[in-house]
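Visitor: Before we start, here is the structure in question, set down as structure tokens.
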Amino acid sequence: MAILGRGKGKEESQNRVLDVTASMQGSLIFREPVSLRISGRFEGTLETQGELTIGEAAQVRAEITGESITVAGRVEGKIIAKRSLKLVSPAVVRGDVWTPLLEVEAGASLDGSLHMGAQASTLSTKDLAEYLEVDVRTVEQWAKDGKIPGSQEGGQWRFEKSRVDEWVATQKSS
């Protein structure tokens, strides 16, 4: 793993570059903007602010949440790109993707479910159950009991992903 930095103060946090070239397993969470590049193997959970690049040689098996994500390597798992997701050749993505903007270059592939536009930030009960990796009945019960933020539309529960993410964060810290 290599950490490169330049600039000072607030500018420094926006220009930090973290290049992970080793094999890693676990959770990486960045609360401040950082340019992160995964060039090796990673397995686990990855949450980042700023730019995330999965390099061509990278092999990632993870739940990834970020702002702007570019994938050139292999990713298996969930990708939640809050602003955009770009797949560049020879990217191979297998899993569920949530993003308001997707760009796929020739030679890149996506095998899984894709949730885009306004729907990318609003989840059904089934989508939320998959996202949280729990049973649908559990999500329904949490919603009925007011334990998870959601609203009913036409008899169906809908959940804003950003509010659910905040709820999950408070649950982890409890």
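Visitor: With a cut-off of 8 Å between alpha carbons and a minimum separation of six or more residues, what is the relative contact order of the chain in percent?
Guide: Over the chain, the number comes to 10 percent.
Visitor: Sorting GLU43, GLU51 on the 10 Å Cβ count, fewest up front, what's the list?
Guide: Details: GLU43 15, GLU51 18.
Fewest to most other Cβ atoms nearby, the residues stand as GLU43, GLU51.
Visitor: If you project the alpha carbons of segment 36-105 onto the principal axes, what extent comes out on each, in Å, largest first?
Guide: 26, 25, 20
Visitor: Sort THR170, THR48 by Cβ crowding within 10 Å, fewest neighbours at the top.
Guide: On the way: THR170 8, THR48 23.
Least to most surrounded, the residues fall as THR170, THR48.
Visitor: Also: Starting from one equal scatterer on each C-alpha and no solvent at all, send me the Debye-based log10 I(q)/I(0) for segment 119-173 at q = 0.18, 0.29 Å⁻¹, two decimals.
Guide: -0.51, -1.38
Visitor: Whole-Hz Karplus ³J(HN,Hα) for segment 146-152, in order, using 6.51 cos²θ - 1.76 cosθ + 1.60 and θ = phi - 60°, x for Gly and Pro?
Guide: x, 7, 10, x, x, 9, 9
Visitor: Amide H to amide H, which residues 5 or more places from PHE30 or on other chains are under 5 Å from it, using H placed in the peptide plane?
Guide: Correct list: GLU47, THR48, GLN49.
Every number here is computed from the coordinates shown, using simple stated rules; none is lab data. Because the structure is a prediction, the values reported are computed rather than measured. So basically every Cβ, Gly included, is an ideal-geometry build from the backbone, and we count neighbours across all protein chains shown.
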